[in-house]
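The structure under discussion appears below in the form of structure tokens.
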Amino acid sequence: MRVTVRGVVVGGSVGVLLTTVLLWSQCHPPPTHTHIHHQLNPSSHSTGKHQQQLHRTPLQTKFQPNNGVTNAGGAGEESYLEDEYGGANGDAVHILTQQGVGEVAEANGGGGGGGGSRLLEIPCIINHESEISCRRDSQDVYVPFSFIKTYFEVYGRVDQRSDGSEVFEWSHSYSRVYEPQGHYDPTGTFLNFELYNVEARERVKCVSATEGVPISTQWQSSGYTYPIQIAQFGLSHYCKYLTEQPPERVTLEDGVHKGNWHYESSEAHVSRSLDLTTFVNVLKFRTPESITKCGALLKVSEPKTQNLLVLNINILLLRNASFTVTLEYKYKKPELITLHYVRSEKLLQVKDHQISYGIGEETGWRRITRNLLIDVHKGAAASPQLRKQLKKVSKSKLKVISICLNGEGSLANMTLASAEHLHHFYDAANWLLKHQDGDGGWSIPVPRKVISGVLELDAGWYSAMAQGQAMSLLVRAAHHSGDSRYLKAAMRATSLFFINATKGGVKTYFPGGYVWYEEYPTNPSLFVLNGFIYSLLGLYDLKEFSLDSNNNSGDLFLEGMKSLKKLLPLFDTGWGSLYDLRHFTTHVAPNRARWDYHTTHITQLLLLASVDSDPVILSTAQRWKEYMVGHRASHN
């Protein structure tokens, strides 16, 4: 069954009117596009004006019987007249589309076409460049939606209504705008980041077991710490902490009486006592250091632990001590997966169903928080063999079976929970504290080629977006914890906004003296819009939260907002937005923003409109929202 959609093309935008369901026999996909060398109609090149309208300008297609005569089957000789849009009769132009193309409907009218109308195959010649297989009846031409989708960059799918009937959903864009709720609060949620799942992204190699932050592979496959990604990781968990219900949590060991440990070796031993360095009750363990054989085993069988896959453990490991989590993966048949957390600097290693994460070689007490689902997912992604075996890894298919301690150390507290958002939030905030350099920044340790040979950055560059999102995270950490170290780090982060990009900072100027804070501080400048606005939000958060008289974020924010209001129209294409202004600075083709970046622009502008009443911000956001449903700016 194929769904046919009547697409109405008006002024280049595509609307849709759902019509009917056609049943095709012997359905087959449309043939591959064929390059056209001949002319559709010799007269079509008679004038330059007509030749121009054949290039993506909508056509009216009128059915004209030849001398009014058709054969009994309704398939007589026909001719088609091609008129420019907006001709004398002013009729709307329409293209009928279908999801895939089938064979010609049976001559008796079967197939739901209505009234016994017969569909005939007809070649559709596209701009005298390619040819696809279409269908026509006595009223319209039917074009495959698979072609329309690519040609007009629209989206569609067959869905089912509540009554069971099918409907074809046509969308001009694939992304969604999230409206801010009320006035923006620098200590509250950050845009719509509660919807982000940074650690699950494909370009995240894993979450480091050493520092608890994502390791990026965006521009280097071996992995590196990317400040933007780390800040987004922390902000997303902070937003989830504010918006989600309190997590479910089960204590497995508390150092007092919890935990029924089994000895898997005659040399294994555990005991509970008061630790004199921390003054908390702990479980002390001493077993053989081998990770191939478990020393002290805790079986996890409580019904309450079902689907609890976030492990939080306060632990002291000596020498080569480690701990291991065994999970059961249920797909077609149950399989066991083992996660080892070992004292090593090696990030991630996989062998068969054994996945090892290095937790570093630092001594002393540590809190380690691991999302076991993510650890399994990233381990499987690192092994082609395991990736094939662990298809569709999901929360419902994993269950913790046991936890094993090897070597010598102490354990203060161990829980399984549905989430530990605050722990992840502080892992990111503490990484920013630890790795901020003397310039107040967090440099990116890998080179970046924006346009090869034209716009390139060597390793060690700074990003205004990284600085801004780090400030937004640190302000929230200072608010939640009351620890002044986070606020001081946020204030130091403004230093690079005073240094020109050509001298290692993030500041540049647009002609006319308008300042810009660069996400990618290239030379010539790039003027990335979303990165600039993220830097403004960080400056605003710091401006509003800090009462320090030495806080210069307010001046930086106001200067940046002045530039944004002046330059914002340059990013408007009339049907979408531009990602940057590379076409202006490097004379290459414009870089259109994908729909997800376009919606980011809108969400950012709507947020700014809640703190700045200048109409240019809100009116631009509203106009750009209309572009997402096919509206376009007027033409001359």
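The values are calculated or read from the model by the stated rules, or taken from the named source; none is laboratory data. As the structure is a prediction and not an experimental result, all values here were calculated from the model. Here the Cβ is made from the backbone with ideal geometry for all residues, glycine too, and neighbour counts use every protein chain on show.
Residues that are closer than 24 Å to Lys625 by Cβ and assigned to a strand (DSSP E or B) within the range 125-166 comprise Tyr155, Gly156, Arg157, Asp159, listed in sequence order.
Being in contact (Cβ under 8 Å) with a residue 12 or more places away in the chain, of a type in the set (Lys, Arg) and over 16 Å from Ala268 (Cα atoms) holds for only one residue in Lys304, Lys332, Lys293, and it is Lys304. Taking the conditions (1) closer than 24 Å to Lys240 by Cβ; (2) crowded, with 17+ Cβ neighbours inside 10 Å; (3) more than 24 Å from the chain's Cα centre (by Cα) in turn, Arg367 satisfies each one other than (2). Quick check on Leu242: is it among the hydrophobic types (A, V, I, L, M, F, W, C), closer than 25 Å to Ile533 by Cα and in contact with an Asp or Glu (Cβ under 8 Å, 6 or more places away or on another chain)? Here the answer is yes, as Leu242 does meet what is asked.
The condition of being in the same structural domain as Asn413 (by TED's automatic domain parsing), farther than 18 Å from Val250 by Cα, crowded, with 19+ Cβ neighbours inside 10 Å and β-branched (Val, Ile, Thr) does not hold for Ile315. Gly441 fulfils the conditions (1) surrounded by fewer than 23 Cβ atoms within 10 Å (Cβ to Cβ); (2) assigned to a loop (DSSP other than H, G, I, E, B); (3) touching a helix residue (DSSP H, G or I) at 6+ places or on another chain (Cβ under 6 Å) except for a single criterion, (1).
Quick grid of which residues meet (1) among the polar types (S, T, N, Q); (2) assigned to a helix (DSSP H, G or I):
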position: Lys434; (1), (2): no, yes
position: Lys449; (1), (2): no, no
position: Glu456; (1), (2): no, no
position: Gln467; (1), (2): yes, yes
position: Met471; (1), (2): no, yes
position: Leu474; (1), (2): no, yes
position: His479; (1), (2): no, yes
position: Pro524; (1), (2): no, no
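Report yes if Glu456 is farther than 30 Å from Gly255 by Cβ and surrounded by fewer than 24 Cβ atoms within 10 Å (Cβ to Cβ), otherwise no.
Answer is yes for this residue.
Scanning the range 574-614 for residues that are without any contact (Cβ under 8 Å) to a residue 24 or more places away in the chain and either touching a helix residue (DSSP H, G or I) at 6+ places or on another chain (Cβ under 9 Å) or over 22 Å from Leu191 (Cα atoms) (or both) turns up His583, His587, Ala589, Pro590, Asn591, Arg592, Ala609. Among the candidates Thr278, Thr225, the residue that is under 24 Å from Lys346 (Cα atoms), out of contact with any Gly (no Cβ under 7 Å at 6 or more places or on another chain) and of a type in the set (Val, Ile, Thr) is uniquely Thr225.
Considering only residues that are acidic (Asp, Glu) and not in a helix (DSSP H, G or I), which ones fall in the range 559-585? Within the range 559-585, Asp572, Asp580 qualify.
Condition first: aliphatic (A, V, I, L, M) and surrounded by fewer than 21 Cβ atoms within 10 Å (Cβ to Cβ). Now tell me which residues in the range 399-416 satisfy that. Across the range 399-416, the qualifying residues are Ile401, Ala412. Looking only at the range 195-247, residues that are touching a helix residue (DSSP H, G or I) at 6+ places or on another chain (Cβ under 6 Å), of a type in the set (Val, Ile, Thr) and surrounded by fewer than 21 Cβ atoms within 10 Å (Cβ to Cβ) come to 1 in all. Number of residues in the range 155-191 that are within 19 Å of the chain's Cα centre (by Cα) and among the aliphatic types (A, V, I, L, M) equals 2. The set of residues in the range 272-300 that are of a type in the set (Lys, Arg) and over 40 Å from the mean Cα position of the chain (by Cα) comprises Arg272, Lys284, Arg286, Lys293. Taking each residue of the range 169-188 that is at pLDDT 90 or above and looking for partners that are among the basic types (Lys, Arg) with beta-carbon atoms closer than 6 Å, six or more apart or interchain, yields Glu169/Arg157; Val177/Lys625; Thr187/Arg476. Counting only residues that are crowded, with 16+ Cβ neighbours inside 10 Å, over 12 Å from Gly560 (Cα atoms) and of a type in the set (Val, Ile, Thr), the range 493-529 holds 5 of them.
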